[in-house]
Amino acid sequence: MLLLAHLGICQSAGLEAVTQSSKLEASKKYEAAYEVLDKIDPKDQLPDVFLQKEKLLLDYYLITLNFQGFGLKDLAPGETVEKLRGKEGQYSMHLLDIPQKLAQLRKRFPQDYRLCKGLGDYYYRAMLCHCGEQDKTEEQLLRLVIENYEQAHAHQLGDFMSYYAVGYAYLVQKQAQASVAPFEKSIALNSKYPDAPYNLAYALWQLKKPAEATPYAQASFRLYSDPAMKADAARMLGELYQQQQQPAEALKAWLQSLELQPKSYATLRNLLEISVTSHAPEAASWAARLYQLNPADDQMFIDIMDIYQAQNQWAEAEAFFSSQLPNAPAEPTAQGLLHMYIAILNMQLKRPKVAWPHFLVAQTQLKKVVKPENPLFQMINRGLAESKQ
């Protein structure tokens, strides 16, 4: 009875400390908030206090040592965790083996499934930051995320982030079907968190359900404020419309994406493909913008070739690449690749006399920067042999 009374007094004091700590947390006094908790429970015997400690460390750390040492600070007006995290400064360092402490508490309080959620929180954050648990593979960390969160969920102790994390963990492991239900639950708990509908749309896309995925992609596009993420959502929306044979809607979505990310390779490639497929007059201008991102990128040449080839538009491809000759960079790789692909296209068009000098320039230029054993030279030498008059 005396032990139970003592425990009750400690828990009551712990709850008061958690309340006081939460008030300090709200005013960005993170170090002071932690000290209140550590003073009342320095040996980490009280679940309520420890879980609040964990929250402070995981949410507001500015530096970390193997995810077992966490630097905190009371922030001044205008300071934010996002601006300070990872930068040098004067921080109070707190050494804490979070999973070890949670495992100890679980032995003492086996029915307190909040501790399972705490373990899920820790492993999810460790997996995202790649800054701790180096003895575990990503697959092992993902399994720990799922196992611990699902134990908590089985006892109605989840929130939108824990359900999102389970969905994300399944999706990363290419288990799209298993990710659907937790993503849906996350959205039901918080319809304003954009990552959940985005990843649910992606999962449904992987499951070849573009019509079901589209509303979620639309929602994520509306919700994102970050231009890069908003552009990514619009790009996926375009892909979904394209799969549903709605080219006008796909074009609109990709143009929205490009407006947010004018130098997006993926979006420019999509716009080129839809233009070539529909024989739109804008095709050459999209090809030019894609080419200008990096005229020395072999993959870019391959992608442009593949798009035109799929529509049997060899002459259009050759005309486009030839139009780039006057303004192509003088750098050997850019010159060599451009001449090589012009030569290949002319061979396809049965114009060996036109191809031969381009093969020759390609050989001369690429010899300056590419090793002799490179497969490019096999292609060039064969082209020279077949086009020589």
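The values are calculated or read from the model by the stated rules, or taken from the named source; none is laboratory data. What you are looking at is a predicted structure, and each value in this text was computed from that prediction instead of being measured. Quick reminder, even Gly has a Cβ in these numbers, built from the backbone with ideal geometry, and neighbours come from all protein chains shown.
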The condition of being closer than 30 Å to Ala154 by Cα, surrounded by fewer than 16 Cβ atoms within 10 Å (Cβ to Cβ) and touching an Asp or Glu at 6+ places or on another chain (Cβ under 9 Å) holds, among Ala103, Ala17, Ala13, only for Ala13
Q) Would region 134-149 turn up any residue that is touching a Phe, Trp or Tyr at 6+ places or on another chain (Cβ under 9 Å), at pLDDT below 95 and within 19 Å of Leu171 (Cβ to Cβ)? A) no
### Query
Quick check: is even one residue across region 146-162 surrounded by 17 or more Cβ atoms within 10 Å (Cβ to Cβ), of a type in the set (A, V, I, L, M) and farther than 22 Å from Gln52 by Cα?
no
On the basis of being modelled with pLDDT under 95, surrounded by 14 or more Cβ atoms within 10 Å (Cβ to Cβ), touching a helix residue (DSSP H, G or I) at 6+ places or on another chain (Cβ under 9 Å) and not β-branched (Val, Ile, Thr), does Tyr91 make the cut?
yes
The helices (runs of 4 or more DSSP H) lying wholly within region 28-138 that contain at least 2 residues that are within 21 Å of Tyr149 (Cβ to Cβ) are 47-60, 98-108, 114-129
Checked pairs for region 174-195, first farther than 15 Å from Ser162 by Cα, second hydrophobic (A, V, I, L, M, F, W, C) and part of a loop (DSSP other than H, G, I, E, B), C-beta under 7 Å and 6 or more apart or across chains, list as Ala176/Leu207; Gln177/Leu207
| message | Any residue that is under 23 Å from Leu128 (Cα atoms), charged (D, E, K, R), more than 31 Å from the chain's Cα centre (by Cα) and surrounded by 12 or more Cβ atoms within 10 Å (Cβ to Cβ) - is there at least one of those in region 36-56? | response | no
Gly78: passes all of (1) at positive phi; (2) in contact with a Gly (Cβ under 7 Å, 6 or more places away or on another chain) but (2)
For region 73-102, the count of residues that are small (Gly, Ala, Ser) and touching a residue at least 12 places away in the same chain (Cβ under 8 Å) equals 3
Of the listed residues (Lys192, Lys174, Lys136, Lys252), the one being out of contact with any helix residue (DSSP H, G or I) (no Cβ under 6 Å at 6 or more places or on another chain) and at positive phi is Lys174
Those residues of region 154-177 which are in a helix (DSSP H, G or I) and over 14 Å from Ala196 (Cα atoms) amount to Gln177
Over region 105-130, the set of residues hydrophobic (A, V, I, L, M, F, W, C), closer than 18 Å to Tyr168 by Cβ and touching a residue at least 60 places away in the same chain (Cβ under 8 Å) is Cys129
The helices (runs of 4 or more DSSP H) lying wholly within region 206-262 that contain at least 1 residues that are touching an Asp or Glu at 6+ places or on another chain (Cβ under 6 Å) are 227-243
When region 267-284 is checked residue by residue, the ones that are part of a helix (DSSP H, G or I) and farther than 15 Å from Met305 by Cα are Thr267
All conditions in (1) buried (at least 16 other Cβ atoms within 10 Å of the Cβ); (2) closer than 30 Å to Ile304 by Cβ are true of Ala196 except (2)
Scanning region 123-143 for residues that are surrounded by 22 or more Cβ atoms within 10 Å (Cβ to Cβ) and of a type in the set (Ser, Thr, Tyr), the one nearest to Gly69 (Cα to Cα) turns out to be Tyr123
